[in-house]
1. Could you tell me which trypsin sites (Lys or Arg not before Pro) in region 91-174 are loop residues by DSSP with no more than 11 other beta carbons within 10 angstrom of their beta carbon?
2. Tell me, which longest segment in the chain has none of the GluC sites (Glu not before Pro) that fall in DSSP loops with at most 15 further Cβ atoms within 10 Å?
3. Please say if region 74-138 is rounded, prolate or oblate, where rounded means a/c under 1.5 for a ≥ b ≥ c the square roots of the C-alpha gyration tensor eigenvalues, and otherwise the choice is prolate for a/b larger than b/c and oblate otherwise?
4. Compare 29, 176, 80 by solvent-accessible area with a 1.4 Å probe and give them largest first, with all protein chains kept in place.
5. Would you mind getting me the FRET efficiency between residue 48 and residue 157? Use the beta-carbon distance for r and R0 = 22 Å, nearest 0.05.
6. Using helices alone, I'd like the mean residue ellipticity at 222 nm for the chain: each DSSP H run of four-plus residues gives -39500 (n - 2.57), total over residue count, nearest 500.
7. Given R₀ = 30 Å, FRET efficiency for residue 107-residue 62 by Cβ-Cβ distance, to 0.05?
8. Would you tally the net charge around residue 145, using a Cβ to Cβ cut-off of less than 12 Å, leaving residue 145 out, and scoring K and R as +1, D and E as -1?
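The values are calculated or read from the model by the stated rules, or taken from the named source; none is laboratory data. A quick note: this is a predicted structure, and the numbers were derived from the prediction, not measured. Here Cβ is always computed from backbone atoms with ideal geometry, including for glycine, and neighbour counts include all displayed protein chains. Accessible surface is based on the protein model in full, side chains and every heavy atom, while ligands, DNA and RNA are left aside. Shrake-Rupley method; radii C 1.70, N 1.55, O 1.52, S 1.80 Å.
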Amino acid sequence: MNEYKRFILNNIICYIAKEYKAQHNEHITSMKLYKLLALYDFQHLREVGVPALDIGDYYALQNGPVPSSLYDEIKVNNGTNQYKVISGYKDSKLIENIGEPDMDYISKSQQKIIDNWLFLLQKKATESYIEVAHEEIKAWSKAWKNRGAAVKRAQMKYIDEFEKDVPENYYAYLETR
């Protein structure tokens, strides 16, 4: 991921962490963050034809989609200059925003998608995030179904999100990668 896209991702994580804390008076867990990022990214993909985050590979795990590079990073790092990772419980960490997100890097339509997911999942347990991600993200369902019984994770493909017609701008997106 290039530096500019990473800056956008960090701002979105900062924004989600800030809004979640305002709604729940607690920090968001990394597991919930992964589900929100995937719900946002794949909804943007369906609506616009390209992923919003270009986050790299997602893996289908039993508990839903996980952006693999971010998962690995949050496991071992303390965060960035826009969010920090603090101790959590079990396999999940807590994410805290640092300062304010730079809203010049989050469009109104992107903010609307994120806010909608935050609203829909307001006051829900982690299991609800998992269920919604399972229901909403077709690429997760396909990867999980086709993984093989002994496999604990399978790589998701953005193209599997489209039922029939793949938008032209998705192919243009692939050429830029």
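1. Numbers: sites: 93, 108, 112, 123, 124, 138, 142, 145, 147, 152, 153, 157, 164; in loops: 123, 124, 147, 152, 157, 164.
The qualifying sites are 123, 152, 164.
2. Working: sites that count: 26, 163.
Between exposed loop sites, the widest span is 27-162.
3. Details: a/c = 2.15, a/b = 1.07, b/c = 2.00.
Oblate shape, in that a/c is at least 1.5 and b/c is the bigger or equal ratio.
4. Details: 29 10, 176 110, 80 35 Å².
These residues rank, largest area first, as 176, 80, 29.
5. So, using R0 = 22 Å, E works out to roughly 0.80.
6. Values: 7 runs with 91 residues, N = 177.
Dividing the helical sum by the residues of the chain leaves -16500 deg cm²/dmol.
7. On the way: r = 33 Å, r/R0 = 1.10.
So the FRET efficiency works out to roughly 0.35.
8. On the way: positive: 138, 142, 147; negative: 160.
Every neighbour counted, the sum reads +2.
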